[in-house]
Amino acid sequence: MAKIKARSRNTTKIADLQSELKLSDGDFFAVIKEVGIRIDDGQRNLDQNEVGRIRKYLNDKQRKAELQGQTITLPPIVRVQDFAEALELSVGDILSVLLKNGVMATLNDDIDYETAAIIAEDLGYQTQEDVGELEKDVLTPERLEEILKKEDADTQQERPPVVTIMGHVDHGKTTLLDTIRSSNVAKKEAGGITQAISSYQTEHSGRLITFIDTPGHETFEFMRQRGASLADIAILVVAADDGVKPQTKEAVKHARAAKVPMVVAINKVDKASANVDKVKTELSEQLELQPEEWGGDTVMVEVSALKGDGIEQLLEMVLLASDTEPPQANPERGALASVVESHLDPNLGPLATILVHTGTLRVGDDVVVGQETGRARRLMDFRGKELKEAGPSTPVLIVGLGGVPEAGEIVQAVEAKDEARTKAGKHRAPAKTLTSMDDDDERQTLALVLKADSHGSIEALRETITAMVPDEVRLSIIRADVGTVSDSDVLTAQAAGALVYAFNTAVGGMAQKLADKESVPVRSYKVIYELTDNVREEIESRLPTELVRTDLGTLKVLKTFFSTQAKKIVGGEVADGTIETNAQAIIWRKVGKEKEEIGRGTITEMQVEKKAISQAQQGDQVGLTYEGKGKIKEGDTLEVFKEDKVRKGL
């Protein structure tokens, strides 16, 4: 007998519901099937839960049809969760469609408008893009790029080209910049490297050109990459007496990734060892940079940065390259800029060198920079001259920020201080917490507190050290900040068992006394190589050890004198090699044609004619004490070896 399903007394007749919803029998039962309701033979009523499910399904379907009849506005970059809310769908529905289209994402991931539009179209929705939506939130470099790409052409005017100088260390980048500016800002670079990115402007043929200097040493690869992403044109400096080097290849890789056109400056042509044709051949064969005079499309200019030869032609080529696709921006809007470098000045407070991409920044403007807010109280150019405003492509030092921003963050001029605080508040960085440690993780930890003079240096240290640490060592950067080493830094390091590294910054007097008292290592450096060499030593001291076996020799057992479960005294002859006290021994016994391991132990004593010895050679007959497992018999062989713990190297 079929079991009768118990139903609530609070029910609705199926016929009445169907009539109210104005559905045919076929449509009604299609809805029933979609919502997963089962109707038994002879059943006339539905309970209120089932009725509610049917109504919700029909309401959602109607709302979806209404939305599909509208055009939904989306920003150029939208978070998956916000995208789902705009379509009034579940995040799961969106993630499922993204996955079908080969996009792995989470609810907090951003997707660009093009991806969102394709997904929306697959789901039956129409969309349109609204670039203005981007500026309602704190900008990221990706969002800034979208705004710049889609800026209204009718509002734009031509701006000076932004040029980045890239190339191998010691190929003359800094000298070239000095010559272009007709000044001598940095004759010598500490440790042979430029320690920070800087921006300058020069004039040629009545036109301004903005230069961004990028570090040449491999430690700062990611800083060079940042330089390429800011520029319109890249000058690749290659020494005529040295040719293509690893950093030359890396610079070309970054420029190509950023789709930045390149002009090659073959420097040091005045040297006797210069070989320009060899350099051009290497550039052509190794990097596919074919000179124009060889039928290619790469402009190559021979220069001597030291003597000033070829500089005018180089600048002319930069302007010609810029003219092929003139850079433009809207100077009438609120400024959008990128932080090129930042540091904490003891007199002026937080300072940031910024490059204005579009708009005009004026003294008195309220700004938001990532987590920081402030007001442009003073603006200065690279010579320290006070400016009232800075337009597109202008590098400028801004004074008046509430804190030191991160290099690469976006500067946004806003209408009021309240708006700046609101935007900065939306994306406060998460509170810094110590990395949780896995109790089962047997690796040794290298815990560090990093302090430096600028965010650029902090980034360099963090990235370099992270790349140096192998999987066998656990890295924990407890704190990484700009400024002098303080008492708080020392106490933090003490609590975490960390080392303190200070790069190009001071250690407070009280902080040093506290460090000495609490035995906290505080190490100061001005040259990056010396700091990384010390970090390498610390890493190596934490690498795991491994047992390395050294075979010594064998002994043929001739007689057994004494035997207990743990200790045996035997006599024998050294068959080959040597035998030493405190060495390990394996007891082997011949069983038929095979050898069988009987036990393992340690040789604790040896004697010859009742005289203690520490080593016996081949042919010597000795008495020895063996401690370990296994019973020794006459005719057995002892295989003797040593095991040493050896620490792995990097």
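The values are calculated or read from the model by the stated rules, or taken from the named source; none is laboratory data. Source: prediction; values computed, not measured. Note that each Cβ is placed from the backbone with ideal geometry, even for glycine, and that neighbours are counted across all protein chains shown. Just the protein is used for accessible areas: all its heavy atoms, side chains included, with ligands, DNA and RNA removed. Shrake-Rupley method; radii C 1.70, N 1.55, O 1.52, S 1.80 Å.
Does Gly370 qualify as being open to solvent by less than 30 Å² (accessible area, probe 1.4 Å) and either in contact with a helix residue (DSSP H, G or I) (Cβ under 8 Å, 6 or more places away or on another chain) or without any contact (Cβ under 8 Å) to a residue 24 or more places away in the chain (or both)?
yes
Six or more apart or on different chains, Cβ under 6 Å: which pairs go from a residue in the range 64-80 that's within 19 Å of Leu95 (Cβ to Cβ) to one that's aliphatic (A, V, I, L, M) and at pLDDT below 75? Could you list them?
If the second residue must be aliphatic (A, V, I, L, M) and at pLDDT below 75, the pairs left are Val80/Ala105.
Can you tell me which of (1) surrounded by 15 or more Cβ atoms within 10 Å (Cβ to Cβ); (2) more than 36 Å from the chain's Cα centre (by Cα); (3) under 30 Å from Gln157 (Cα atoms) is the one Ala255 doesn't meet?
(2)
From Val640, Val622, grab the single residue that is under 23 Å from Val548 (Cβ atoms) and either touching a residue at least 24 places away in the same chain (Cβ under 8 Å) or part of a strand (DSSP E or B) (or both).
Step by step, each of Val640, Val622 is checked, and only Val640 is under 23 Å from Val548 (Cβ atoms) and either touching a residue at least 24 places away in the same chain (Cβ under 8 Å) or part of a strand (DSSP E or B) (or both).
Which pairs turn up if I take residues in the range 99-115 that are closer than 11 Å to Val80 by Cα and open to solvent by less than 80 Å² (accessible area, probe 1.4 Å) and look for partners that are assigned to a helix (DSSP H, G or I) and modelled with pLDDT of 75 or more with beta carbon separation below 6 Å, at least 6 apart in sequence or on another chain?
Close Cβ pairs satisfying both conditions: Ala105/Val80; Ala105/Leu98; Leu107/Val80; Leu107/Gln81; Leu107/Val91; Asp109/Val80.
Of the conditions (1) out of contact with any Pro (no Cβ under 7 Å at 6 or more places or on another chain); (2) open to solvent by less than 60 Å² (accessible area, probe 1.4 Å); (3) closer than 28 Å to Ala352 by Cα; (4) modelled with pLDDT of 85 or more, Ser488 satisfies every one except a single condition; which number is it?
Looking at each condition in turn, Ser488 falls short on (4).
Any residue at all in the range 620-643 that's farther than 18 Å from Lys568 by Cα, open to solvent by 80 Å² or more (accessible area, probe 1.4 Å) and either in contact with a strand residue (DSSP E or B) (Cβ under 6 Å, 6 or more places away or on another chain) or of a type outside the set (Ser, Thr, Tyr) (or both)?
So far as the range 620-643 goes, yes, one or more of its residues are farther than 18 Å from Lys568 by Cα, open to solvent by 80 Å² or more (accessible area, probe 1.4 Å) and either in contact with a strand residue (DSSP E or B) (Cβ under 6 Å, 6 or more places away or on another chain) or of a type outside the set (Ser, Thr, Tyr) (or both).
Kindly indicate which of Ala460, Ala495, Ala467 is of a type in the set (A, V, I, L, M), under 29 Å from Val646 (Cα atoms) and part of a helix (DSSP H, G or I).
Answer to the check: Ala467.
Search the range 230-266 for residues being part of a loop (DSSP other than H, G, I, E, B) and among the small types (Gly, Ala, Ser), and hand back the single one that is nearest to Glu285 (Cα to Cα).
Restricting to residues being part of a loop (DSSP other than H, G, I, E, B) and among the small types (Gly, Ala, Ser), the top hit is Gly243.
Could you go through the range 285-299 and let me know if any residue there is farther than 20 Å from Pro392 by Cα and β-branched (Val, Ile, Thr).
yes
Taking the range 512-543, which residues are open to solvent by 50 Å² or more (accessible area, probe 1.4 Å), under 30 Å from Asp471 (Cβ atoms) and touching a residue at least 40 places away in the same chain (Cβ under 8 Å)?
Answer for the range 512-543, where residues must be open to solvent by 50 Å² or more (accessible area, probe 1.4 Å), under 30 Å from Asp471 (Cβ atoms) and touching a residue at least 40 places away in the same chain (Cβ under 8 Å): Tyr529, Glu530, Arg536, Glu540, Ser541.
Please enumerate the residues belonging to the range 498-511 that are open to solvent by less than 10 Å² (accessible area, probe 1.4 Å) and not in a strand (DSSP E or B).
Within the range 498-511, Ala498, Ala511 meet the criteria.
Hey, among Gln290, Gln286, which residue is among the polar types (S, T, N, Q) and without any contact (Cβ under 8 Å) to a residue 24 or more places away in the chain?
None of the others qualify; the one that does is Gln290.
Only one of (1) open to solvent by 70 Å² or more (accessible area, probe 1.4 Å); (2) in a strand (DSSP E or B) fails for Ala272. Which number is that?
(2)
Out of the range 477-528, which residues are over 19 Å from Val404 (Cα atoms) and of a type in the set (Ser, Thr, Tyr)?
The answer is Thr492, Tyr501, Ser519, Ser524, Tyr525.
Could you grab me the full set of residues in the range 434-452 that are modelled with pLDDT of 85 or more and of a type outside the set (Ser, Thr, Tyr)?
Gln444, Leu446, Ala447, Leu448, Val449, Leu450, Lys451, Ala452
Just give me the residues in the range 275-328 being within 35 Å of the chain's Cα centre (by Cα), part of a helix (DSSP H, G or I) and closer than 19 Å to His168 by Cα, in sequence order.
Correct list: Val279, Lys280, Thr281, Glu282, Leu283, Ser284, Glu285, Gln286, Leu287, Leu314.
Taking Thr353 as meeting all but one of (1) farther than 21 Å from Glu145 by Cα; (2) open to solvent by 10 Å² or more (accessible area, probe 1.4 Å); (3) among the β-branched types (Val, Ile, Thr), write down the number of the exception.
Only one criterion in (1) farther than 21 Å from Glu145 by Cα; (2) open to solvent by 10 Å² or more (accessible area, probe 1.4 Å); (3) among the β-branched types (Val, Ile, Thr) is unmet by Thr353, namely (1).
Report, by residue number, each residue of the range 550-604 that is part of a strand (DSSP E or B), open to solvent by less than 30 Å² (accessible area, probe 1.4 Å) and either closer than 12 Å to Leu624 by Cα or acidic (Asp, Glu) (or both).
Listed by number, the residues that qualify are Leu555, Val557, Lys568, Val570, Gly571, Gly572, Val574, Ile579, Ala585, Ile603.
Has the range 125-145 got at least one residue that is modelled with pLDDT of 80 or more and not in a strand (DSSP E or B)?
Scanning the range 125-145, I find at least one residue that is modelled with pLDDT of 80 or more and not in a strand (DSSP E or B), so the answer is yes.
Which numbered condition trips up Lys556, out of (1) under 30 Å from Gly577 (Cα atoms); (2) among the charged types (D, E, K, R); (3) in contact with a helix residue (DSSP H, G or I) (Cβ under 6 Å, 6 or more places away or on another chain)?
Checking Lys556 against (1) under 30 Å from Gly577 (Cα atoms); (2) among the charged types (D, E, K, R); (3) in contact with a helix residue (DSSP H, G or I) (Cβ under 6 Å, 6 or more places away or on another chain), the one that fails is (3).
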